[in-house]
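Inspection log for the structure reproduced underneath, given as structure tokens.
Only the coordinates and a few stated rules stand behind these numbers; no lab work does. Fair warning: this is a prediction, and the values are worked out from it, not measured in the lab. A quick note on method: Cβ atoms are made from the backbone with ideal geometry, for glycine too, and the neighbour counts reach across all protein chains shown.
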């Protein structure tokens, strides 16, 4: 039986092109699972118009595209713009697909966030979360129909794919910086190391405010080359050049792996660090930047310890006979 679906899309209205990398993977997974169903995408980062809610209420399932949408206090500056009006439309219909928790947070989960997540998330379907930390946070508010599948962007990185990623250092490197998680000393050290170790250093501007931060760090360094701030330009560079990736943007590094390019991700927050812990992603903490030169020359095959059984469980629950 064909049933209409909604995708909460983290790329709509986002100034971070990493969200587009995530949604590429999410949309492909959902297209494969629901090839005969009518599917529409709505924004997570923008409020839904009140007039649209009665129409959206008719949809039976709302899949939430993975990024760090969940947080302890959903009222203050939340990326997932849901409130009581949205709750009425989507009560017990939302199913997580690789969603993570926003940063490491020591404070308690607010009563409002507990109420919201318990009521908007489906009690009938398994939710796929990005990492063990998110699994633990949801368990702490008694949401236990949750499994850790990792980020949807790494679901295609199976053993056969990873074997095709060269372990040898390349002459060119693509790098990124992150304007909203700044550490000028360590970020400058990363760029200086790359300029020393590679014949060419190319910077992809994943975020809309990355370039002003880069200019603050390096001035008008003529040895840095820029890749246009478009995902298509980044894809093309990875496909057409003998290169690898070293930078602070997690999903730029994962895109490099998808394109069969070696990647060293500089860990600046819980997302990359948790994925290193869970699946063995090649992540170097920014605080250990002095180790970067040695790591660049380390020829180590890409081996990701993904939980394929969990991924299969999440997908198989949507088989037609299980609705």
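Quick notes
- Comparing the chain with the 2.2 N^0.38 Å rule of thumb, its C-alpha radius of gyration ratio is 1.01 (two decimals).
- Counting neighbouring Cβ atoms within 10 Å and putting the fewest first, the residues 308, 102, 204 line up as 308, 102, 204.
- Applying 1/(1 + (r/R0)^6) with r as the Cβ-Cβ distance of residue 163 and residue 211 and R0 = 45 angstrom yields a FRET efficiency of 0.80.
- Measuring nothing but how far apart in sequence close Cα pairs (under 8 Å, 6+ apart) lie, relative to its length, the chain scores a relative contact order of 17 percent.
- The peptide list 108-117, 62-71, 265-274, put in order of mean Cβ contacts within 10 Å with the highest first, becomes 62-71, 265-274, 108-117.
- Alpha carbon centroid spacing (whole Å) that separates the stretch 33-62 from the stretch 197-223: 38 Å
- The simple Förster model, with R0 at 25 Å and r as the Cβ-Cβ distance, assigns residue 239 and residue 40 a FRET efficiency of 0.25.
- A simple spin-label model places the labels of residue 147 and residue 88 3.6 nm from each other, with each point 7 Å out along Cα-to-Cβ.
- Per-residue Cβ neighbour counts within 10 Å put 190, 275, 218 in the sequence 218, 190, 275, beginning with the fewest.
- When DSSP beta bridges are restricted to pairs lying wholly in the chain, around 5% turn out antiparallel.
- Packing-based ranking, highest mean first, of 14-21, 296-303 given that Cβ atoms within 10 Å are counted: 14-21, 296-303
- Our helix-only sum for the chain, with -39,500 (n - 2.57) per DSSP H run of n ≥ 4 divided by its residues, gives a mean residue ellipticity at 222 nm of -10000 deg cm²/dmol.
- Separation between Cα centres of the stretch 138-183 and the stretch 98-112, rounded to whole Å: 20 Å
- Once the Cα atoms are used to define both axes, helix 231-240 deviates from the longest principal axis of the chain by about 50 degrees.
- The chain: angle of helix 111-120 to the longest principal axis, Cα-based, in degrees nearest 10: 70 degrees
- Considering only the stretch 54-186, percent of DSSP beta bridges that pair antiparallel, nearest 5: 0 percent
- In degrees, nearest ten, helix 18-33 long axis to first principal axis of the chain (Cα): 50 degrees
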